[in-house]
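Some notes on the structure that comes next.
The values are calculated or read from the model by the stated rules, or taken from the named source; none is laboratory data. Because the structure is a prediction, the values reported are computed rather than measured. Positions of Cβ are generated from backbone atoms using ideal geometry, with glycine treated the same way; all protein chains shown enter the neighbour counts.
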Amino acid sequence: MISPHLALFDLPPAFDDGMIIGRGTLNGQPVAIAAQEGQFMGGTFAEVSGAKLVGLLRAAATAAGTAQAVSTVFLLLDTGGVRLQEANAGEMAVSETVRAVLEARSAGVPVIALIGGRAGAFGGGGIVTACCSHVIISEQGRISISGPEVIETNKGAEEFDSRDRALVWRVTGGRSRALLGGADSYVKGDVASFRQAAAITRNTLPDFSLATLDAEQKRLEDRLNAYGDCVIRPRYGRAPVLMLPRAYLNSVTTLSSLCLPRRDTPMAPAELLAALFPEGHNVTPGAENTLLGTATVKNETVAVLGITDATPLSPEIAITLAGSVLDIIRAGQKTPIILLIDTASQRMTRRDEMLGLNEYLGHLAKVITLAGARGHRTVALLYGTAAAGAFIATALATQTLIALDGAHPSVMDLPSIARVTKLPLDVLTEKAASTPIFAPGVAPLAATGAVAEVWTAADGPLAPRLATVLATPATKDTRDALGAERGGRKQAHDIASRVEAAFLEATAGEGTI
Amino acid sequence: MEKFTISTRAQRPLPGTTKQAILGVVASGNLELLFERIGGDAVEIDVLTASTGYRAVWEAVIHDFVERTSPGGVRITIHDNGARPDTVMLRLMQGTKMLEMPS
């Protein structure tokens, strides 16, 4: 199964699209394995490679308790994140992978990430890693969301000197991750050590439950309290660089807010709240440009959470929102949860990556997914921008995503894609007109199945439409089918279904690892 | 990117029973090859390469390879990402060895 999108960029495909999946045995136990090739296209999440992984994870969840069951799923990730040549399909692949990982964990099948390749686990790969039951890493392994080069490009070498290898490993490397809690097992970089760690850890893992996520919330809050004002020495002999005050960090402009032109001015939050909840609400601005409160829809109470002013998603915002969602779940009322989203991308600073931004974003995605699994209807209304990891952790983690006037979702803007793919912007713009697979904006993302509905003010008041969505029960993750139906992502659904069917037919114990 | 097929004949069919082999990786300066047995003494090589304008070099390397190993009855599909001729020859020989090994 080769990628149908690389020819558009004059790039050679690979027979397996850089992802090998299968079934095997480890110490006599049947297991499922997915291995990513870090050298092909930087080990990326794309339509075909992502669908193979999603199909495998869904099969592992479906097979639980049957004769085809596996005891564990191992993810051998080696990735730079989303493949920008098929950015929208890749973003969806990450979001669907996150959901499928959590589905497998809910079914009692642990998912273990093994990070030891040269590419590491960056971008969406960092978020996927954080959603696994257990992370095994070697010294060479790295986990992060924004890579050092990306941060340097946006903020300058003073923020993060990507050529300073020692600094890069101190911030993102295996030892730092293991010490801080971002990885659970620290092993030597050889196959035998990974194998041994994989064999002994898989039966002692936390399940995907409220108790587990409550503990995770506390662990991440404690880390932020303890190390939130950390100091990192860039290199031995140089003066320490003091972390800048939080007010400065919040004002820092990121790649997305710089380069993502706001097509339309988004509605002001107050105006949006009034339009959505004419029956009344008590939603008020919280810390760090968040919104929190309740509202009434058709005489029923709904919980409302939000991010305003295109604020980059920081560990602080993620932990605040996640804490609120956990409170709502704990209340036990199955209250519907509405997320109003106007964020940028994840915040790009060395400090945030050092603190494990991937864990904070992964935690937020997990908590929103758990709410959905426990009977809360979760709906995101995107009224501003959302990009990259922040998009995956917020809007894409809900059951239903609706784009409003002024919404501008993206993975990366065209000028940045042009820089990475080394194609002139006008050539890229021309290509974007022929396919929805990588271009930013509501229409291409709706075509790939990310956005369920697009609401414009011209179509009438928002409140009754929201009531209709809330009254419609959520289904399983069918965004790949929606993408196939709309023609924006033709292969993902078919491939994932075929992988799932083939996995469920195969007999256990074919081959070993 | 350039795509072409080179068809030739080998002196004898390739021994061994392994039906197919896949090797290599589409990394920078590397290539991926799929070997399949088609029977007879024909050799068909489909090349998809990221570097344009090197068809003559490919033909020279492939003819050299066919003369040295005589891989009759084999179809080879190549995805190349700028591998040098010595790497290409190494991978071709490696794939032939994989087919020759008992399955």
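Give the number of residues within the range A:357-382 that are in contact with a Gly (Cβ under 6 Å, 6 or more places away or on another chain) and buried (at least 24 other Cβ atoms within 10 Å of the Cβ).
Start the filter on the range A:357-382 by keeping residues that are in contact with a Gly (Cβ under 6 Å, 6 or more places away or on another chain), which leaves A:358-359, A:361, A:378.
Subset that is buried (at least 24 other Cβ atoms within 10 Å of the Cβ): A:358-359, A:361.
Qualifying residue count for the region: 3.
Looking at the structure I just gave you, is A:L180 in contact (Cβ under 8 Å) with a residue 12 or more places away in the chain, closer than 30 Å to A:A371 by Cβ, crowded, with 18+ Cβ neighbours inside 10 Å and not small (G, A, S)? No; evaluated as a whole, the condition is false for this residue.
Look at the range A:452-463: where a residue is in the same structural domain as A:Q399 (by TED's automatic domain parsing) and a partner is surrounded by 12 or more Cβ atoms within 10 Å (Cβ to Cβ) and acidic (D, E), sitting 6+ places away or on another chain with Cβ atoms under 8 Å, you get A:W455/A:D405; A:T456/A:D405; A:A457/A:D405; A:A463/A:E279.
Name every residue in the range A:452-466 that is assigned to a loop (DSSP other than H, G, I, E, B) and either hydroxyl-bearing (S, T, Y) or in contact with a Pro (Cβ under 7 Å, 6 or more places away or on another chain) (or both), in order of residue number. If the condition is that a residue be assigned to a loop (DSSP other than H, G, I, E, B) and either hydroxyl-bearing (S, T, Y) or in contact with a Pro (Cβ under 7 Å, 6 or more places away or on another chain) (or both), then A:T456 is the only one that fits.
The one condition from (1) in a helix (DSSP H, G or I); (2) over 20 Å from A:I402 (Cβ atoms) that A:A275 does not meet is (2). Screening the candidates A:D480, A:D405 for the property of being among the acidic types (D, E), within 17 Å of A:T97 (Cα to Cα) and outside the structural domain of A:V94 (by TED's automatic domain parsing) yields one hit, A:D480.
Let's see how each residue does on (1) touching a helix residue (DSSP H, G or I) at 6+ places or on another chain (Cβ under 9 Å); (2) over 28 Å from A:V427 (Cβ atoms):
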{"position": "A:L11", "(1), (2)": "yes, no"}
{"position": "A:F15", "(1), (2)": "no, no"}
{"position": "A:Q29", "(1), (2)": "yes, yes"}
{"position": "A:G55", "(1), (2)": "yes, yes"}
{"position": "A:V73", "(1), (2)": "yes, yes"}
{"position": "A:D78", "(1), (2)": "yes, yes"}
{"position": "A:R83", "(1), (2)": "yes, no"}
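For the range A:405-413, the criterion of being assigned to a helix (DSSP H, G or I), more than 28 Å from A:F208 (Cα to Cα), among the aliphatic types (A, V, I, L, M) and in contact (Cβ under 8 Å) with a residue 60 or more places away in the chain is satisfied by no residue at all.
For the range A:90-113, which residues satisfy the criterion of being among the small types (G, A, S), at negative phi and over 13 Å from the mean Cα position of the chain (by Cα)?
Taking the range A:90-113 and keeping what is among the small types (G, A, S), we get A:90, A:93, A:95, A:100, A:104, A:106-108, A:113.
This time we only want the ones that are at negative phi, so: A:90, A:93, A:95, A:100, A:104, A:106-107, A:113.
Across the range A:90-113, the qualifying residues are A:A104, A:S106, A:A107, A:A113.
Among the residues of the range A:275-298, those that are surrounded by 15 or more Cβ atoms within 10 Å (Cβ to Cβ) and free of Cβ contacts under 8 Å to residues at least 60 places away in the same chain comprise A:H281, A:V283, A:P285, A:G286, A:E288, A:N289, A:T290, A:L291, A:L292, A:G293, A:T294, A:A295.
Within the range A:414-437, the set of residues being hydrophobic (A, V, I, L, M, F, W, C) and part of a helix (DSSP H, G or I) comprises A:L414, A:I417, A:A418, A:V420, A:L425, A:V427, A:L428, A:A432, A:A433. Just the residues that are touching a residue at least 60 places away in the same chain (Cβ under 8 Å), of a type in the set (A, V, I, L, M) and over 29 Å from A:D78 (Cβ atoms), please, taken from the range B:6-44. If the condition is that a residue be touching a residue at least 60 places away in the same chain (Cβ under 8 Å), of a type in the set (A, V, I, L, M) and over 29 Å from A:D78 (Cβ atoms), then B:A10, B:L14 are the ones that fit.
Applying a threshold of 6 Å to beta carbon distances and a minimum spacing of six or more residues, or different chains, the list of pairs starting in the range A:28-50 at a residue that is of a type in the set (S, T, N, Q) and ending at one that is part of a strand (DSSP E or B) reads A:Q36/A:M19; A:Q36/A:T79; A:S49/A:M19. For the range B:5-103, the strands (runs of 3 or more DSSP E) that sit wholly inside it and include 1 or more residues that are over 14 Å from the mean Cα position of the chain (by Cα) and either within 14 Å of chain A (Cβ to nearest Cβ) or surrounded by fewer than 19 Cβ atoms within 10 Å (Cβ to Cβ) (or both) are B:74-81.
Table: residues versus (1) modelled with pLDDT under 90; (2) closer than 15 Å to A:G81 by Cβ.
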{"site": "A:T378", "(1), (2)": "no, no"}
{"site": "A:T398", "(1), (2)": "no, no"}
{"site": "A:L404", "(1), (2)": "no, no"}
{"site": "A:S410", "(1), (2)": "no, yes"}
{"site": "A:P415", "(1), (2)": "yes, no"}
{"site": "A:A418", "(1), (2)": "yes, no"}
{"site": "A:P424", "(1), (2)": "no, no"}
{"site": "A:E430", "(1), (2)": "no, no"}
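Considering the range A:1-41, the residues that are at positive phi and buried (at least 21 other Cβ atoms within 10 Å of the Cβ) include one that is farthest from the other protein chains (Cβ to nearest Cβ), namely A:D17.
In the range A:49-57, the condition of being in a loop (DSSP other than H, G, I, E, B), modelled with pLDDT of 95 or more and within 14 Å of chain B (Cβ to nearest Cβ) is met by no residue.
Could you check how many residues of the range A:424-433 are surrounded by fewer than 17 Cβ atoms within 10 Å (Cβ to Cβ) and touching a residue at least 12 places away in the same chain (Cβ under 8 Å)? Lay out the reasoning, then the answer.
Going through the range A:424-433, the residues surrounded by fewer than 17 Cβ atoms within 10 Å (Cβ to Cβ) turn out to be A:424-427, A:429-430, A:433.
Keeping just the survivors that are touching a residue at least 12 places away in the same chain (Cβ under 8 Å) gives A:429.
Count: 1.
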